[in-house]
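K.L.:
Right, I'll just put the structure down here and ask away after.
The values are calculated or read from the model by the stated rules, or taken from the named source; none is laboratory data. Being a predicted model, the structure only gives us computed values, none of them experimental. For neighbour counting, all protein chains shown are included, and Cβ atoms are generated from backbone atoms with ideal geometry for every residue, glycine included. Protein only, heavy atoms only, side chains kept; ligands, DNA and RNA dropped before computing areas. Shrake-Rupley method; radii C 1.70, N 1.55, O 1.52, S 1.80 Å.
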Amino acid sequence: MKIYAHRGCSGTHPENTLAAFRAAAELPVYGVELDVHLTKDGRVVVIHDEKINRTTNGKGYVKDMTLEELQSFDAGSWFSEEWAGEIIPTLGEVLDIFQETPHRLNIEIKSDVFPYDTLVDKVANSAAKRGMSDRILISSFNHEDVLKAVRETEIESAILTSQIYVDVYDYARVIGTNRIHVSLPAAFRRMTTDALRKGAIVYVYTVNNEEYAEQLQGIGVHGIFTHFPESMINKFQ
């Protein structure tokens, strides 16, 4: 079962920061997951929420600020004073950390609330510029963007869902992928075991409990996203 560091080493570092990604880059995990939004001036930045309120000392929507404005805020102190001064990084800054490592990168397109019409293209171009197109995977709760990635790029893509589907595998195949990333509760439903039986590649988020990880491994799940990759590596990867 493959291990992805969810938002970097986010259990021990402030999520989606360069510190969290540098820590993940030192681990022999299979991959790293990160989230991207688009700024007011068209830059791709790595942050989970639509607003910066939770993970910085600022307030407001990512889409309403320029990169310069966003990077003026502290993105580390909310987690611990040890990480004071961390900033919201650009996608390019994160890709540069992993350019010479073997890690795969799952880039989640956070366009499920606000549409970012050019975000898929910008992510694909950033990866291509660094020769990393074959090492990234695009996922999203916005399945229109997954469809765009499938149709317009050569990048591997996955649908994200927290919902219960009658036949999630057939739905994913309509979009053009056999990769399905499901929430932990959904992973134990019939839809997931049926999808696995039909040949889907299934990853589960967010798995921080080893007992749950063991159960997922038992049903044949291919990988998990965890905040604590350090504790999962030796046992499950």
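K.L.:
Restricting attention to region 66-77, does a residue exist that is crowded, with 17+ Cβ neighbours inside 10 Å, touching a Gly at 6+ places or on another chain (Cβ under 8 Å), assigned to a strand (DSSP E or B) and not basic (Lys, Arg)?
P.N.:
No: region 66-77 contains no residue that is crowded, with 17+ Cβ neighbours inside 10 Å, touching a Gly at 6+ places or on another chain (Cβ under 8 Å), assigned to a strand (DSSP E or B) and not basic (Lys, Arg).
K.L.:
Which numbered condition in (1) open to solvent by less than 40 Å² (accessible area, probe 1.4 Å); (2) touching a helix residue (DSSP H, G or I) at 6+ places or on another chain (Cβ under 7 Å) is the only one that Lys110 fails?
P.N.:
Among (1) open to solvent by less than 40 Å² (accessible area, probe 1.4 Å); (2) touching a helix residue (DSSP H, G or I) at 6+ places or on another chain (Cβ under 7 Å), the lone unmet condition for Lys110 is (2).
K.L.:
Then there is this: Looking at region 180-216 only, could you name the residues that are open to solvent by 10 Å² or more (accessible area, probe 1.4 Å), in contact (Cβ under 8 Å) with a residue 60 or more places away in the chain and over 19 Å from Ala158 (Cβ atoms)?
P.N.:
Listed by number, the list holds a single entry, Asn208.
K.L.:
Taking region 53-87 only, how many residues are in contact with a strand residue (DSSP E or B) (Cβ under 9 Å, 6 or more places away or on another chain) and of a type in the set (Val, Ile, Thr)?
P.N.:
Counting residues in region 53-87 that are in contact with a strand residue (DSSP E or B) (Cβ under 9 Å, 6 or more places away or on another chain) and of a type in the set (Val, Ile, Thr) gives 1.
K.L.:
OK, next. Among the residues of region 60-83, is there at least one that is of a type in the set (Val, Ile, Thr) and under 17 Å from the mean Cα position of the chain (by Cα)?
P.N.:
No, because not a single residue in region 60-83 is of a type in the set (Val, Ile, Thr) and under 17 Å from the mean Cα position of the chain (by Cα).
K.L.:
May I pose another question? Is it the case, given these coordinates, that Thr39 is within 20 Å of Ser126 (Cα to Cα), surrounded by fewer than 16 Cβ atoms within 10 Å (Cβ to Cβ) and in contact with a Lys or Arg (Cβ under 8 Å, 6 or more places away or on another chain)?
P.N.:
Against the criterion (within 20 Å of Ser126 (Cα to Cα), surrounded by fewer than 16 Cβ atoms within 10 Å (Cβ to Cβ) and in contact with a Lys or Arg (Cβ under 8 Å, 6 or more places away or on another chain)), Thr39 does not qualify.
K.L.:
Now, a different point. Restricting attention to region 111-126, report how many residues are in contact (Cβ under 8 Å) with a residue 60 or more places away in the chain, polar (S, T, N, Q) and part of a helix (DSSP H, G or I).
P.N.:
Total meeting the criteria: 1.
K.L.:
Something else: In region 127-162, what residues are open to solvent by 10 Å² or more (accessible area, probe 1.4 Å), assigned to a helix (DSSP H, G or I) and either within 14 Å of Leu91 (Cβ to Cβ) or of a type outside the set (Val, Ile, Thr) (or both)?
P.N.:
Those that are open to solvent by 10 Å² or more (accessible area, probe 1.4 Å), assigned to a helix (DSSP H, G or I) and either within 14 Å of Leu91 (Cβ to Cβ) or of a type outside the set (Val, Ile, Thr) (or both): Ala128, Lys129, Ser133, Asp134, Arg135, His143, Glu144, Asp145, Leu147, Lys148, Arg151, Glu152.
K.L.:
Here is a follow-up. Take the conditions among the basic types (Lys, Arg), part of a loop (DSSP other than H, G, I, E, B) and open to solvent by 20 Å² or more (accessible area, probe 1.4 Å) and apply them to Arg22. Does it pass?
P.N.:
The answer is no for Arg22.
K.L.:
Of these, Tyr169, Tyr165, which one is over 20 Å from the mean Cα position of the chain (by Cα) and outside any helix (DSSP H, G or I)?
P.N.:
Only one candidate qualifies: Tyr165.
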